[in-house]
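The values are calculated or read from the model by the stated rules, or taken from the named source; none is laboratory data. Quick caveat, the model's predicted, so the values are computed rather than measured. FYI the Cβ positions are ideal-geometry reconstructions off the backbone, even for glycines, and counts take in every protein chain you see.
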Amino acid sequence: MFSKFGHPIENTFWIDFFKKGIIKKENLKLSIESSGYYDDEKTPDWVRLCHYRRLDDEEFDRLFKIVDHQFEKFQIINKDELLHIVSLFIDLSDIGLIPKSKIDIVEAGKKNVEMLRKAGHLKLARHEEFPSGLDDQGFHLKEVQEFINFMLEQIKESQSEQNPNIALGLLNSLSESPLKFEEKIILSSRNKNSFYDIPILNSIEIPKFVNTFLSLSNYNKSFVGNILRKRYKYPEINLKLKDELPWLKSLRENLNSEKIKRKGRVSGHIIEFFFLKSLDEAIKTLEACNPSSV
């Protein structure tokens, strides 16, 4: 049987599984390899160091020097592994087992985070929870909690930096086919709907969206408004998308001007009766969950 201190799968993974029905494979692998039930010659040095109570003094010193060298030389490229190591080092420093102060550990940890960010390794996968699998070693210490908050802020900023590229990808999808655009921003059973609950439309420049929309055939133009209306169909998701409201209102203003320019033409008719009417519905729906913006 598993001991309560050494279960190979952390409690947080069971919570994710029963709550969301998914577990990130990489984090599950990390949890199992970090447990005492998976300890052999292939076990990473930092994982073996986590189980320092099983080590003799010489082996502990040897492993610490190896892991510390990797830590100080920015050789750690996995954000979860980095957090485990920082948490472990802070814990070991707290009980006086390593010659590093908690201040120095946190400072070096932050530099490692900056290197991960520059290398593009500071991202969260879809539905990924961070941190995960960190139930004990140092987690209770104030310095670890502060470092986690720092990492979360850096992850948030790193993901925001990617938004312009994501926005460009969405525009390209719209240009190719409104259906491809819909697949990415509408809740559905398709596995391509990566942004159905992320306010990514804010990152699309209004003039670029308008130009892309106007470049569509009249037939394809007639679908786009309905796509936006369907995006805001679910109140619980709208709470996450409410920041897109100013973007929608600006889009309405710009397309209304284009409608006037095209009065008496098929394109103007489609903009007025197919796009703007659906857009007005979307705006009213978002306003309902964001009254202060009305």
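Do we have any residue at all in the range 68-86 that's surrounded by 14 or more Cβ atoms within 10 Å (Cβ to Cβ) and at pLDDT below 60? No.
Number of residues in the range 87-116 that are surrounded by fewer than 23 Cβ atoms within 10 Å (Cβ to Cβ) and in contact with a Ser or Thr (Cβ under 7 Å, 6 or more places away or on another chain): the value is 4.
Contact map, the range 240-255: residues that are under 12 Å from Leu276 (Cα atoms) paired with residues that are aromatic (Phe, Trp, Tyr), Cβ distance under 7 Å, separation 6+ or inter-chain. Pairs shown: Leu251/Phe209; Leu255/Phe275.
Cβ-Cβ contacts under 6 Å between residues 6 or more apart (or on different chains), taken from a first residue in the range 100-129 that is without any contact (Cβ under 8 Å) to a residue 24 or more places away in the chain to a second residue that is in a loop (DSSP other than H, G, I, E, B) and buried (at least 16 other Cβ atoms within 10 Å of the Cβ), are absent. The single condition among (1) closer than 26 Å to His127 by Cβ; (2) in contact with a Ser or Thr (Cβ under 6 Å, 6 or more places away or on another chain) that Lys192 does not satisfy is (2).
If you filter the range 198-241 down to residues that are part of a loop (DSSP other than H, G, I, E, B), modelled with pLDDT of 95 or more and surrounded by fewer than 17 Cβ atoms within 10 Å (Cβ to Cβ), you find that the one that is farthest from the chain's Cα centre (by Cα) is Ser217.
The condition of being surrounded by fewer than 16 Cβ atoms within 10 Å (Cβ to Cβ) and outside any loop (DSSP other than H, G, I, E, B) holds for Phe150. For the range 89-113, a residue qualifies if it is within 25 Å of the chain's Cα centre (by Cα) and under 22 Å from Ser132 (Cβ atoms), and the qualifying residues are Val106, Gly109, Lys110, Asn112, Val113. Regarding Phe195, is this residue in contact (Cβ under 8 Å) with a residue 24 or more places away in the chain and not in a helix (DSSP H, G or I)? It is true that Phe195 is in contact (Cβ under 8 Å) with a residue 24 or more places away in the chain and not in a helix (DSSP H, G or I).
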